[in-house]
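The values are calculated or read from the model by the stated rules, or taken from the named source; none is laboratory data. Bear in mind the structure is a predicted one, so any value in this text is a computation, not a measurement. Every residue, glycine as well, gets a Cβ built from its backbone with ideal geometry; the counts of neighbours run over all protein chains shown. Side chains are part of the model used for accessible areas, which takes the heavy atoms of the whole protein and leaves out ligands, DNA and RNA. Shrake-Rupley method; radii C 1.70, N 1.55, O 1.52, S 1.80 Å.
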Amino acid sequence: MKIVHTIKDLQAGLSVLKAQGKKVGLVPTMGALHAGHASLVKRCVAENGVTVVSVFVNPTQFNDKSDLEKYPRTPEADCRLLEACGATFVFVPSVAEMYPEPDMRQFSYAPLDTVMEGAFRPGHFNGVCQIVSKLFDAVTPDRAYFGEKDFQQLAIIREMVRRMNYPLEIVGCPIVREKDGLALSSRNARLSAAERKNALKISQTLFESRTFAASHTVAETQQFVEDAIAAAPGLRLEYFELVDGNTLQKIASWEDTAYAVGCITVFCGEVRLIDNIKYKE
Ligand code: PAF
């Protein structure tokens, strides 16, 4: 595994392997890697001759400066995990390497990016599209891998690829959960033991709501989730939305879509956690 810090070095290393006809897979990350990332990297390694993993805490996607400062950074452990997964290159650029000048590009994929995370984190998806497009341009991968935990991000990146005609395949990978159900997230590292216990109620509620939904309306299921989170100690619901998994627009009835997804964001203490569940697909 080679660790590279510049686009020039990465492209020099890749060009030799591309000339040998190898397919290139890219796994963009912000580091603080866990088993969820490992599942993306292992799948990428299994499906491509070359795997590039980028590790870059992208400042342009943080609308809250203190969130950016507190974002966990574990470079040594990340490299150990990536080596064990079989990555070919780890690309660890500096901010100056990715943004030699301020990125003035505006990406707007309304209504996908105006709801949920887009409404609560203004500018977030613009920053995500800025960095992901720069990574696509630098690596020119055949495939790129993203987790379904960031369900809205995945939908927006698919839309960006479609509109910008990037010649690559986006591979969405299922959420990886702890044994007790908590969705893996780099932010979980910031939870105290008590908060970790409280956070479990998020996935538990989502799973229970799926059973509940089988015999109740969309509005009743919405209320079920809101009530359960309101009653849970240490949790504050930011939003729960039942949406069409393709358009991300709210549904009013289960008959509105063949692909129904519930997306939730909850503050557990100061830590903002997201999760989602499929009701119909
Ligand atoms: O999902 C993430 O970790 C980030 O949003 C991504 C895609 C690596 C872009 O910085």
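Summary of computed values
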read-out	value
Residue match in segment 186-209 (condition: out of contact with any Pro (no Cβ under 8 Å at 6 or more places or on another chain), open to solvent by less than 40 Å² (accessible area, probe 1.4 Å) and under 23 Å from Thr114 (Cα atoms))	no
Conditions (1) open to solvent by 70 Å² or more (accessible area, probe 1.4 Å); (2) farther than 22 Å from Asn276 by Cβ; (3) away from the ligand (no atom under 15 Å from the Cβ); number of the one not met by Thr88	(1)
Selection count, segment 113-129, where residues are closer than 24 Å to Ile7 by Cβ, touching a residue at least 60 places away in the same chain (Cβ under 8 Å) and open to solvent by less than 10 Å² (accessible area, probe 1.4 Å)	2
Index of the failed condition, Lys70 passing every other in (1) in contact with a Gly (Cβ under 8 Å, 6 or more places away or on another chain); (2) loosely packed, with under 15 Cβ neighbours inside 10 Å	(1)
Cβ-Cβ under 8 Å pairs, at least 6 apart or on other chains, segment 154-170 side assigned to a loop (DSSP other than H, G, I, E, B) and surrounded by fewer than 18 Cβ atoms within 10 Å (Cβ to Cβ), far side among the small types (Gly, Ala, Ser) and at pLDDT 95 or above	Leu168/Ala144
Residues within segment 74-84 that are open to solvent by 20 Å² or more (accessible area, probe 1.4 Å) and touching a strand residue (DSSP E or B) at 6+ places or on another chain (Cβ under 9 Å), tallied	3
Positions within segment 204-216 being of a type in the set (A, V, I, L, M, F, W, C) and either in contact with a helix residue (DSSP H, G or I) (Cβ under 7 Å, 6 or more places away or on another chain) or touching a residue at least 12 places away in the same chain (Cβ under 8 Å) (or both), in sequence order	Leu206, Phe207, Phe212, Ala213
Scan of segment 205-238 for residues that are part of a loop (DSSP other than H, G, I, E, B) and either over 23 Å from Glu270 (Cβ atoms) or within 23 Å of the chain's Cα centre (by Cα) (or both), ordered by number	Ala214, Ser215, His216, Thr217
Segment 182-203 residues that are in contact (Cβ under 8 Å) with a residue 24 or more places away in the chain and closer than 20 Å to Gly36 by Cβ, paired with ones that are hydroxyl-bearing (Ser, Thr, Tyr) and open to solvent by less than 50 Å² (accessible area, probe 1.4 Å) (beta carbon under 7 Å, 6 or more apart)	Ala183/Ser203
Members of segment 63-79 found to be touching a residue at least 12 places away in the same chain (Cβ under 8 Å) and part of a helix (DSSP H, G or I), listed by number	Asp67, Lys70, Pro75, Ala77, Asp78, Cys79
Per-region count, segment 22-43, residues within 9 Å of the ligand (Cβ to nearest atom) and in contact with a Cys (Cβ under 8 Å, 6 or more places away or on another chain)	1
Filtered residues of segment 5-62 (kept if under 16 Å from Lys134 (Cα atoms), assigned to a helix (DSSP H, G or I) and within 19 Å of the chain's Cα centre (by Cα))	Pro59, Thr60, Gln61
Check on Ser108, modelled with pLDDT of 95 or more, under 26 Å from Glu169 (Cβ atoms) and not in a loop (DSSP other than H, G, I, E, B)	no
